[in-house]
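The values are calculated or read from the model by the stated rules, or taken from the named source; none is laboratory data. Every value quoted in this text rests on a predicted model; they were computed, and no experiment measured them. Reconstructed Cβ throughout: ideal geometry from the backbone, glycine too, with neighbour counts over all protein chains shown.
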Amino acid sequence: MYAKLLTSWPIFLPPFLTIALAMISKRPGFSIICGIFLGVFIKVGVLDHQYVFEFVKYFREIFYKDNTLVANNISLFIFLWLLGSYTSLLDKSGALGTMTGRLMKFINTPRKCEMAIIVIALIVFIDDYFNSLIVGAIALPMVQKLGVSREKLAYYLDSTAGPACILIPFSSWGVTIMAIIERNLQKHNLIGLFSFEVFIKSAAYNFYAIGALVLTLVVAFTTFDFPLMRALDKKSQDSLKTKSPEDPLHVDQSHQLRVKRNVPEERNLFFAATTSLSFLLVGTIIIMLLSGYILSNYQTNLMKLLNHIDVGISLILGAVGSLALVSVYLNPSVPVIKNSFVEGYKSMAPAMKILMLAWALSSVIQDLNIGHVLSDFLIESGLNPAFIPLSVFIVAGILSFSSGTSWATFSILVPIVFDLVMATNQNLLYISLGATLGGAVMGDHSSPISDTSILSSTGAKCDHMSHVVTQLPYCVLVGVLSGGGYLMFSYFY
């Protein structure tokens, strides 16, 4: 049992080298490339033309795999560009500053601002990418005006993305997990159980996701914070008194881009920002639901509809619609639009680069079969059934942290959990599934190569490694408490 795990130690080097380098150097791009180089070498074994072929393949398959375009990845890149262009146009026209000024009549303290972020984020539960980017675009102006650090915003975005989506059946995560559960219910001939029922009951044991959401409320309502985050918040508060001219919300009027005829009145600027952001939020959700309705052959069953949602195309159409609304209100000239697209690409290029590298590394790690090595260890270990929840929580956390993806983690481990509990005690099904999903979210939440973390730092426009380092203590706190919960269950089992 242990011999196989020990002989497989080289496959664990790429993720841990990447994470260690990222923490030390604060250069995630360089660190991920090093991990990819090492991972491909471990897989191929030699530095020759085959190595070059494999290395290039992992980047090619981000956009083109199995003779098919990878639509979701391409769509996300296009959306990032459009979102950056939209934000640039709002900012340079003064619409973003005008909207922020009016909102601050009601949301006028850091605590109110933080609570507003959480409320909006929990409303937008349908998809984690959507949550991180759209809520970030809405909240960033208020955060900057009220002296809340961008790292704090990134923490709220990240902590209300995956942890919320994995608890709600009517989300992209919930639908995917229920599909996996359904296949395993059929495999084990569990006729009396339904995937929706199993998902809801297991969610009650997802201590990490519940704890992560509760902690965001604690942080927002109280003065609780870890030292590094508190220091950054203080720095943001102090900087309000000495804003630099380059700050996007404090641009001198003479530097703002002008529209074709004249500078719009304040009311027009306010409506340009509010209507376009409302469409980006509500309109995109409606488009998602419509895409699911059409692609499911006009199913009215909500679960089937959600299972066919095309998130990528919906995000693009939402961004295009928002840009169109801004253009109607502001009537910008062609040079202004071109400049916004150029600035939009520049603002999102770093996130696109890191995201592309993280996807490539995730594929390398999956091909090294770390998940199967860990799951085989679980099966062959002869665990006391009482320790199954704690064990799968830890293994899921390690796998998700190493690969940067919770989806691959629960795709690998959920079938293993079904096998384990069916061979020991079926009563452990709900808590073991909850522990698996919680561990997957914990690893994803704390990993510097997680796509959700990358997009959360993008939505907050903060340095990615700064987001990872400041968020990590909150993840560790909830992770330890969650592990303690599963340990207590083992003791009283």
- request: Within the stretch 322-336, count every residue that is within 26 Å of Ile287 (Cα to Cα) and surrounded by fewer than 16 Cβ atoms within 10 Å (Cβ to Cβ).
  value: 3
query: Any idea how many residues of the stretch 293-310 are part of a helix (DSSP H, G or I) and surrounded by 22 or more Cβ atoms within 10 Å (Cβ to Cβ)?
result: 2
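Taking the stretch 399-408 as the search range and keeping residues that are crowded, with 24+ Cβ neighbours inside 10 Å and not β-branched (Val, Ile, Thr), which one is nearest to Ala161 (Cα to Cα)?
Selected residue: Ser406.
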field: Residue identified as under 25 Å from the mean Cα position of the chain (by Cα) and β-branched (Val, Ile, Thr) among Val311, Val342
entry: Val311
message: Looking at Ala386, Ala423, Ala349, can you tell me which residue is surrounded by fewer than 23 Cβ atoms within 10 Å (Cβ to Cβ) and touching a helix residue (DSSP H, G or I) at 6+ places or on another chain (Cβ under 7 Å)?
response: Ala386
- request: Scan the stretch 477-484 and give yes if some residue there is of a type in the set (Gly, Ala, Ser), without any contact (Cβ under 8 Å) to a residue 40 or more places away in the chain and part of a helix (DSSP H, G or I), otherwise no.
  value: yes
- request: Tell me which residues, restricted to the stretch 101-131, are within 16 Å of the chain's Cα centre (by Cα) and polar (S, T, N, Q).
  value: Asn131
- line: Going through (1) surrounded by fewer than 24 Cβ atoms within 10 Å (Cβ to Cβ); (2) modelled with pLDDT of 90 or more one by one, Ala396 fails only at (1)
task: Mind checking which helices (runs of 4 or more DSSP H) fall wholly inside the stretch 55-146 and carry at least 3 residues that are of a type in the set (Gly, Ala, Ser) and either modelled with pLDDT of 80 or more or crowded, with 24+ Cβ neighbours inside 10 Å (or both)?
output: 71-93, 136-146
query: Which of the following residues is of a type in the set (D, E, K, R), touching a residue at least 12 places away in the same chain (Cβ under 8 Å), surrounded by 14 or more Cβ atoms within 10 Å (Cβ to Cβ) and within 24 Å of Leu133 (Cβ to Cβ): Lys43, Lys26?
result: Lys26
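Per-residue answers, yes or no, for (1) within 21 Å of Asp225 (Cβ to Cβ); (2) of a type outside the set (A, V, I, L, M, F, W, C):
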site	(1), (2)
Asp376	no, yes
Leu390	no, no
Thr409	no, yes
Leu429	no, no
Ala440	no, no
Thr458	no, yes
Met465	yes, no
Leu472	yes, no
Leu481	yes, no
field: Index of the failed condition, Gly94 passing every other in (1) on the phi < 0 side of the Ramachandran plot; (2) out of contact with any Pro (no Cβ under 7 Å at 6 or more places or on another chain)
entry: (1)
statement: Selection over the stretch 156-213 where residues are farther than 24 Å from Asp451 by Cβ and outside any helix (DSSP H, G or I) yields a count of 9
field: Index of the failed condition, Ala161 passing every other in (1) surrounded by fewer than 22 Cβ atoms within 10 Å (Cβ to Cβ); (2) at pLDDT below 90
entry: (1)
- line: Note on the stretch 205-221: residues under 16 Å from Pro473 (Cβ atoms) and either small (Gly, Ala, Ser) or surrounded by 19 or more Cβ atoms within 10 Å (Cβ to Cβ) (or both) are Tyr208, Gly211, Ala212, Leu215, Thr216, Val219
query: Considering Ile286, Ile337, Ile365, Ile313, which residue is among the hydrophobic types (A, V, I, L, M, F, W, C), free of Cβ contacts under 8 Å to residues at least 12 places away in the same chain and not in a loop (DSSP other than H, G, I, E, B)?
result: Ile286
In the stretch 1-17, the residues that are part of a helix (DSSP H, G or I), modelled with pLDDT under 75 and among the aliphatic types (A, V, I, L, M): Ala3, Leu5, Leu6
